[in-house]
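Engineer: What follows is a single structure, and I will ask about it in a moment.
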Amino acid sequence: MGEAKLKPSVHLEARAGPRPGSGSAGGTALLVPASHLCWLCLVAAALGLMTASPVLVSMRGAASRPEAITLPAAPSAPPPRHLELPWEPLLTLEEQRRGISYFGSGRALHRVATKLLAGQPIKAYALGGSITGGGGSSTGQKAYVPRFFQFIRHNFPHEAHVLENKGIAASTAFMYAACLQHHVPEDADLVTLEFTMNEAANSPYQSPERRSFEQLLRRLLSRKHQPAVLILHSYGWWNAFGDGVDRGLFYQQPELQLTAFSHFYDIPALSVRAAAHHLMAASVDKFKVHRITITNRQHLFIENGALRAGMIPVVSKSARSSVYFADHIHPADPGHQVLAELLAGALSQAVWEVSANGTLTESERRHDPAVPALPGPMIPFNTDDMPGMCAMLEEFKPVVKKTSGFDYVPERPDAENFMKQKWGWRATEPGSWAELEVDSRASDGSKSSNTYVWLSHLRSYRGMGTARIECVSGCSCSPTRLDGTWERKASLFTITRFHVTRHKRCRFRVTVLERPGEVPQQGHKVVLVAVMVTHVPLDSGGSLMNVQNIGLSLDRGF
């Protein structure tokens, strides 16, 4: 049977002819009852609209001459918008779709797509750890966040876009939940979260890590502007071990646990594991994982049923572009590109659905006052409030009450804005001191042993010194040493954490020491940039114990 083809127009005619059963050859009758003519006209018009072509309706009877009514053609809808990658893709469309492990209703992301299609600028912010900060990439522009922002600008150019990378090396969701107001403004449109490699792998949902992750989500979703949130799951082949294998375990946590939050809160989840694990296992070019680019990375290998410590093989310089990982966790340039393509794929799907009128209508949504827009916490007895305080940027300056030898100055005075200028309290001479005052009380009924002060300061490879931290009034604490030195060729804002008792005016002093640091340097510089007070139990097996860095590197380095 040949394929039926739609005609450019549809003709429906009601002709005069013999009335069935009349016995009169010369009589005339309507083959279609008159009462049905209006209904046929409506059907004809509808068919015409469906084929975007005029419909001709002809009526012929004994008492009238043939007349034609021509309906205007329906305007052609623009085709759905397909977005382009400004680079040669590594993922096929099939793999990109596999990588969207959960999309949900897409309602919030559709709002972002609607703004972009209308030619309006958006505000997007990337939160995450060192991978978000560019760790493993050869240059800043080859990291996944700049690539994703490049994708947005390529398809929707606008001078007023605000696209900012807020990555904090070694951070967890806890760091952002406590200081969210300093990282994401209230009118943000899109926020991406990348924490899978930094969150503790096997922590229960009741742990501080999982509670903090949910608190971050809830603080974002409860905002009046309701930003779209994307959870991006990176994957560490060499860090995925267990059940008898020393690498490449597919179901390594915490991705499964964190994806449960996507299901509960209707947040899209994007997964490197879902998109590319089979490519890694097959050593497909750009996805090769059995060698890395960075030297001196130790690993425990399983050989003949026994563990053996050794170095992960390193790829030759000429073949670096073929491997996915820079080390056991951080992706190399191809890996960063895959992360960017997963984010681009989710936004592309939302744009396509909006432009194709494929989004849900209000009649297709449930409107029941008994069902809140934001449900209660998924984790039983979790709270929306994070007791404590956070002072960064401009809010940190008044925390310092008295000084001698410390001055409030920028590390990068020529940078374009206050944040990038890296303002802080700086001293360069031994004996200089600064007294800081915080409220260390808690209102959540937590144990006093859970109260900690997190003091953020600069750490670098030249010109840095050490300081002593001691409580002077209100609260008490054990003296703590702050060290601003290390060998790493990077300058980062890091954290020194110490336990304090609770008091409305907990005052502690930071005094620059003559004593050299872990790596003796020519200088004694100490720079203080932020302070937090939290009331979270720090389990020695949890990821919060490993939180060290609280800012992007001042110099390029990982």
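The values are calculated or read from the model by the stated rules, or taken from the named source; none is laboratory data. Note that the coordinates shown come from a computational prediction; the quantities given were computed from them, not determined experimentally. FYI the Cβ positions are ideal-geometry reconstructions off the backbone, even for glycines, and counts take in every protein chain you see. To get the accessible areas, we keep the full protein, side chains included, count just its heavy atoms, and leave off ligands, DNA and RNA. Shrake-Rupley method; radii C 1.70, N 1.55, O 1.52, S 1.80 Å.
Engineer: Between GLU159 and ASP407, how many nm apart are label points set 7 Å from Cα along the C-beta direction?
Structural biologist: Simple spin-label model gives 3.7 nm for this pair.
Engineer: Which semi-axis lengths, in whole Å and largest first, follow from the square roots of five times the eigenvalues of the Cα gyration tensor of region 433-516?
Structural biologist: 27, 14, 9
Engineer: Given a 1.4 angstrom probe, I'd like the percentage of the accessible area of region 292-443 that is carbon and sulfur, rounded to a whole number.
Structural biologist: Percent of accessible area from carbon and sulfur atoms in region 292-443: 51.
Engineer: Still on this structure: Taking a threshold of 18 Å on the Cα-Cα distance, which of the pairs LYS288/LYS489; LYS166/LYS489; LYS286/LYS317; LYS115/LYS166; LYS224/LYS397; LYS142/LYS166 fall above it?
Structural biologist: Correct reply: LYS288/LYS489; LYS166/LYS489; LYS115/LYS166; LYS224/LYS397.
Engineer: What does the extension gain come out to for ARG462 and MET378, with contour length at 0.36 nm per residue minus their alpha carbon separation?
Structural biologist: Contour length minus Cα-Cα distance gives 25.6 nm.
Engineer: Same structure again: Could you pull the Cα extents of region 235-334 along its three principal axes, largest to smallest, in whole Å?
Structural biologist: Principal extents (Cα only, largest first): 43, 33, 22 Å.
Engineer: Can I ask one more? Could you please report the charge total around PHE406, scoring K, R as +1 and D, E as -1 over all other residues with beta-carbon less than 13 angstrom from its beta-carbon?
Structural biologist: Around PHE406, the charge tally is +3.
Engineer: Label points 7 Å out from Cα along the Cβ direction at LEU393 and SER105: separation in nm?
Structural biologist: 3.2
Engineer: Return the FRET efficiency for the residue pair VAL472, GLN141: r is the Cβ-Cβ distance, R0 is 35 Å, and the value is rounded to the nearest 0.05.
Structural biologist: On the way: r = 47 Å, r/R0 = 1.34.
My answer for the efficiency is 0.15.
Engineer: Taking 0.36 nm per intervening residue step and subtracting the Cα-Cα distance, what contour gain separates TRP352 from PHE418 on full extension? Let's see the in-between values first.
Structural biologist: Details: separation 66, 0.36 × 66 = 23.76 nm, distance 3.79 nm.
Fully extending the segment from TRP352 to PHE418 adds 20.0 nm.
Engineer: Points 7 angstrom from Cα along the Cβ direction at GLN181 and ARG97: gap in nanometres?
Structural biologist: Reported label-point gap for GLN181 and ARG97 is 4.5 nm.
Engineer: Just from the alpha-carbon atoms, what are the Rg and Dmax of region 364-497 in angstroms?
Structural biologist: Using the Cα atoms of region 364-497, the pair Rg, Dmax is 20.3, 68 Å.
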